[in-house]
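The values are calculated or read from the model by the stated rules, or taken from the named source; none is laboratory data. Just so it is clear, the structure is predicted and the values come from calculations on it, not from any experiment. Here the Cβ is made from the backbone with ideal geometry for all residues, glycine too, and neighbour counts use every protein chain on show. Heads up: the accessible areas ignore ligands, DNA and RNA and are worked out on the full protein's heavy atoms, side chains in. Shrake-Rupley method; radii C 1.70, N 1.55, O 1.52, S 1.80 Å.
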Amino acid sequence: MTRPRTTRLRRPLLAGATAVTALAVTAGLVAASSEPADAAAKPELSLIAATGSLTLTSWKEDPGVYLDLGTYLTAEGTPLELKVTRKSYKDPVTVTQTVYEGGRAKAKKLPAGTVKDFSGLPGFVRVTLTDKAGRKVLDRTEDFCPNNASGRVRPDAPATSKYPESCPTNPFTLGSVWGVEKGWAANTYGGSYSAPVQLAAGTYTAEVGVAKKYRDLFGIADKPATVKVTVQERSYEDESGSAGAASRSATAGGHAGHGAAHAPQTAHAGHGPGHAPTPARAAAPVTSGAGPTYNAGHGPLRAAPPALPWALKKDQAARATRVGDTSGQTDGSRKAPAQRPQPQRPAGKPSVPDVPKPDLRSLPAYGIVISDGERDVPGKDYLAFSANVWNAGPAQLVVDGFRSPGKAKMDAYQYFYDAKGKQVGYTPTGTMEWDPRPGHMHWHFTDFASYRLLKADQKEAVRSGKEAFCLANTDAVDYTVKHANWHPYNTDLSTACGEENAISVREVLDVGSGDTYTQDLPGQSFDITGVPNGTYYIQVLANPEKRLKETDLNNNSALRKIVLGGKPGKRTVTVPAHELVNAN
């Protein structure tokens, strides 16, 4: 379980260094407004610029300038809320907008083809850039994730946004919720999804406007935002002193030129009554998004830029010294702390009560490549892939591990909860074991999933040796299912999986979320050195020993068809589309 190459990401920080007073005056949003009881059917959406001018840095050692221009989409009256779903992988992705009539929510289906995946609204804004001589040096469209870095624009706006903090990019996502909270604004800049631009040092004029089809669809005024941009060129070697060292260090991991001091935001409560404990949520630790993922072996795929406070002051010293992830923070997703286990082993007679339970399901494998196992083993060919097991609910999967003094393993127990979140039963469910290998260093719950390479007749050809995992909510697979938690705990291995000296640990797979593992090392990937060319299936099987209690044990398997070819040492793999999902 090592850090996959596909998730070693770098991203610029999101932060327009702007005083809130200047922004509020520009946007005309200082005065509090009261929402009428009979709310408008649509939210009032506007594109605004946080500042009329800003400075961006072009690092000589980096590929270009990242155009975080500080433009935001604001929502007034009611939130902008979009639910994006597909019935199955045979069906296209559709989107419905939640509108309000008479104060009641109503679903409005948007035109077919509005979106093609779950990563955001394609071609939402048009960005043009002209130099001081009036020559156009850039003209491109940018996609927009409404769950991007966001913040309040009014003091009477809700203190927290109820919407998720990223748009999922897992190719087998089934449902997502996007939104801009009422009285909030979301950055139109796409972070690591947005390609850098080669710009010489100098001054430019940027114009950002919403594409006509979205202006018509959402009733947004045709008022592009104009920002004066100064590009300054710098080099790591030219930096000196502690601020320069910090800047170099952070920029090597993610372009610190966009940094700013970050104040923590309050975490958000889950949606729906739920069937598992919902502890009081303290302020969530912040993330800068500057460094690499710490979810070694797991996903997530690229998340939206991190959520940031709206009012960011111009504090150059703070920007130079406070950028960069701290230990355990992910590459742009909010780091949510782990839930704590019970203080002691469960007492009384084990029982499996008739209450809602989790429903574990597997996604088809993806990220499928031929590998040498990252060991450069002569004469060996491996088939590496990513696999995800997720929880369709309606209840969390909650597993506690308890260690007897001097024992190498923990005894694991699954808990069950009633509709009020009260624990009403438990059952033994195997063990947890400490994995000391580099890239692991945490507690694994055994027999959570297994992987098999099946022949064309679906008989086993090769089995992965990997079956023990730490559970973490790395991917938002379907946030439209009943009791989906849009802000889950246990999102990161460093918080979810315990230390070597732990006496107990709690691992949770929340409703709507899944855990992606990349099987890329020998023992995890399939050794196909002696496997003949031909058609095969990668099987991802959740809960293979059926030790975990679920609502349905008949939907735990997913198959992905592949075709092996080539010669020893130069094997090839062809991955046909899985119904409408054409991603290897």
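A simple spin-label model places the labels of LYS407 and LYS459 4.1 nm from each other, with each point 7 Å out along Cα-to-Cβ. Separation of the alpha carbons by more than 27 angstrom is noted, of LYS108/LYS561; LYS420/LYS482; LYS109/LYS420, for LYS108/LYS561; LYS109/LYS420. When you filter the trypsin sites (Lys or Arg not before Pro) in region 100-135 for DSSP loop state and at most 14 other Cβ atoms inside 10 Å of their Cβ, you are left with LYS116, LYS132, ARG135. Amide H contacts of TRP184: ALA75, VAL153, each under 5 Å away and 5 or more positions distant or on a separate chain (H built 1.01 Å from N in the peptide plane; Pro and chain starts excluded). Computed from the alpha carbon positions, the gyration tensor of region 471-584 leads to an equivalent ellipsoid with semi-axes of 32, 20, 14 Å, biggest first. With a Förster radius of 51 Å applied to the C-beta separation of ASN554 and LYS420, the computed FRET efficiency comes to 0.95.
In terms of the mean number of neighbouring beta-carbon atoms within 10 Å, the peptides 51-58, 391-398, 231-238 order highest first as 391-398, 51-58, 231-238.
Note the full-extension length gain between LYS87 and ARG340 as 0.36 nm times their separation in residues minus their Cα-Cα distance, in nm to one decimal.
Residue separation times 0.36 nm, minus the Cα-Cα distance, leaves 87.5 nm.
Calculated on C-alpha atoms, the gyration radius of region 165-206 divided by its Kirkwood radius gives an Rg/Rh of 1.11.
Under 5 Å between amide hydrogens, built in the peptide plane, is the criterion, and for ASP359 it picks out ALA392, GLY393, ALA395, THR551 among residues at least 5 positions away or on other chains. Approximating the spin labels as points 7 Å out from Cα along Cα→Cβ, the THR226-to-THR55 distance works out to 2.3 nm.
With 0.36 nm allotted per residue and the present C-alpha distance subtracted, the VAL369-ARG126 stretch has 83.9 nm of extension available. What the Cβ-Cβ distance of ILE503 and ALA133 gives, at R0 = 45 Å and to the nearest 0.05, is a FRET efficiency of 0.10. Per residue, region 77-168 exposes an accessible area of 47 Å² to a 1.4 Å probe, with every protein chain left in place. When all protein chains stay in place and ligands, DNA and RNA are ignored, the 1.4 Å accessible-area order of ILE528, ILE48, ILE370, largest first, is ILE370, ILE48, ILE528.
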